[in-house]
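Data first, discussion second: the structure below is written as structure tokens.
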Amino acid sequence: MAGRVQGKVAVISGAARGQGRSHALRLAQEGADIIAIDLCEDISTNHYALASQADLAETKRLVEAEGQKCITIVADVRERRDMIAAVAQGVQALGGHLEIVVANAGICPLGADVPAQGFLDATAVDLVGVYNTIEAAFPFLKAGGSIIATGSVAGLMPGGTDNPANGAGGAGYSHSKRQVARLVHDLALQFGPLSIRVNAVHPTNVNTNMLMSEPMYKIFRPDLESPTQADAMMAFPAMQVMPIPYVEPVDISNAVLYLASDEARYVTGQQHKVDAGALLRGTSSGAPA
Ligand SMILES: NC(=O)c1ccc[n+]([C@@H]2O[C@H](COP(=O)([O-])OP(=O)(O)OC[C@H]3O[C@@H](n4cnc5c(N)ncnc54)[C@H](O)[C@@H]3O)[C@@H](O)[C@H]2O)c1
């Protein structure tokens, strides 16, 4: 039986682990070949480790185990020229066509101890990196192409840029995710006449290294000096209306798969939340008062 994205090629940034790896695997399970891009080194203002080359190799192994092709490329989404070269290299290796773009790479340099540079670093990865990924992919996209950018509930809720506990990096993160939401809206208007769709997915807490990190534990447990994962687990559920601490990467991947597939052929400009109700509080969501 043909898969839901059979014969398509997808480029995914931040694909070495976490949600990016999960997106690669889920799209491969439904018949796509994958260009998996990751930085595979740390960024100094971001106080938890980023992925490694071994992680990226593991993504390739998992995609190939599904019977699909996977080209892995170490590249930095902050570097426009490197991304243009990386995407071109991947497209050439996988038959000269590209249908799906998942701009997923991200950092979250949280903490009051993060210097002002953290704002710039977060913005360079989480916002400029999205522009660069789309720019590198655009020359290859044709009618039916689908671009999906990863935002966050942090970009759709008030605050975030003015909370001293989040620090400069946390402010940069919220700023970037807000702009990603705006970018998706405005780009969908421009690309619509080309029949190229642009959507955002906005996750709540996701069970990845970004969430399971000391800077994040401190945000969720400001009452403790050195909170552990177990301490944070008690606070994680406060984020969602549904009684869970976080969603799993595959929950986001299922949304990405839908938006990437032709099932969503007339779905564009959406701010698609996968948030277990996190954003229901404080919004009317268009319901009658
Ligand atoms: N985990 C959460 O709770 C959560 C919630 C909402 C949104 N998000 C967003 O989801 C996306 C995926 O994050 P995740 O949860 O899988 O975390 P993660 O830290 O496991 O994965 C992020 C990946 O991006 C890569 N990366 C970072 N900087 C890069 C760069 N400059 N160039 C290329 N690759 C780079 C990392 O090496 C890593 O593999 C991010 O955009 C993040 O902001 C995460």
- Query: Once phi is turned into ³J(HN,Hα) by the Karplus curve 6.51 cos²θ - 1.76 cosθ + 1.60 with θ = phi - 60°, what whole-Hz value does each residue of region 224-230 show in order, with x for glycine and proline?
  - Reply: 10, 5, 10, x, 9, 4, 4
- Query: Taking square-rooted eigenvalues a ≥ b ≥ c of the alpha carbon gyration tensor, is region 136-263 rounded, prolate or oblate, where a/c under 1.5 means rounded and, failing that, a/b exceeding b/c means prolate?
  - Reply: prolate
- Query: Using helices alone, what [θ] at 222 nm do you get for the chain, with -39,500 (n - 2.57) per DSSP H run of 4 or more residues, divided over all residues and rounded to the nearest 500?
  - Reply: -11500 deg cm²/dmol
- Task: Give me the net charge of A168's neighbourhood, meaning all other residues with Cβ under 11 Å from the Cβ of A168; Lys, Arg count +1, Asp, Glu -1.
- Result: -2
- Message: Going by average Cβ density within 10 Å per residue, which order do the peptides 160-172, 11-23 take, highest to lowest?
- Response: 11-23, 160-172
- Item | Using θ = phi - 60° and Karplus 6.51 cos²θ - 1.76 cosθ + 1.60, couplings along region 198-212 (whole Hz; Gly, Pro as x) | 9, 9, 10, 10, 10, x, 7, 3, 10, 6, 9, 4, 5, 6, 8
- Taking Cα atoms, the helix 249-260 axis meets the longest principal axis of the chain at an angle in degrees (rounded to 10) of 40 degrees
- Would you work out the charge dipole size for region 1-49 about its Cα centre, treating the Cβ of every Lys and Arg as +1 and the Cβ of every Asp and Glu as -1, and quote it to the nearest 20 debye? 260 debye
- Item | 23 Å Cα cut-off, lysine pairs counted over the chain (separation 8 or more, or different chains) | 7
- Message: Can you work out the Karplus-derived ³J(HN,Hα) for every residue in region 131-148? Use 6.51 cos²θ - 1.76 cosθ + 1.60 with θ = phi - 60°, whole Hz, and x for glycine or proline.
- Response: 4, 5, 5, 5, 4, 5, 7, 3, x, 9, 7, 10, 3, x, x, 9, 10, 10
- Message: Between helix 18-29 and the chain, what is the angle of the helix's C-alpha long axis to the longest principal axis, kept within 0 to 90° and rounded to the nearest 10?
- Response: 30 degrees
- Stretch L194-K69 to full length: gain in nm at 0.36 nm per residue minus the Cα-Cα span? 42.2 nm
- Message: What does the charge count around T123 come to, taking other residues whose C-beta lies under 12 Å from its C-beta (Lys +1, Arg +1, Asp -1, Glu -1)?
- Response: +1
- For helix 80-93, what angle does its Cα long axis make with the longest principal axis of the chain, in degrees from 0 to 90 and rounded to 10? 40 degrees
- Query: Any idea how far the Cα center of region 133-151 sits from the one of region 182-210, in Å?
  - Reply: 10 Å
- Task: Can you bin the chain into rounded, prolate or oblate? Criterion: square roots of the alpha carbon gyration tensor eigenvalues sorted a ≥ b ≥ c, rounded for a/c under 1.5, prolate for a/b above b/c, oblate for the rest.
- Result: prolate
- Taking alpha-carbon centroids only, region 232-271 lies from region 48-119 a number of Å equal to 20 Å
- Note on the structure: Between the residues P243, S213, S195, the Cα farthest towards the positive end of the dipole of the chain, that dipole coming from +1 and -1 charges on the beta-carbon of Lys, Arg, Asp and Glu, is from S195
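We did not get these values from a lab; they are worked out from the coordinates using the rules stated. Just so we're clear, the structure is a prediction, and the values are computed from it rather than from any experiment. Neighbour counts are summed over all protein chains in view; Cβ atoms, including those assigned to glycine, are modelled from backbone coordinates with ideal geometry.
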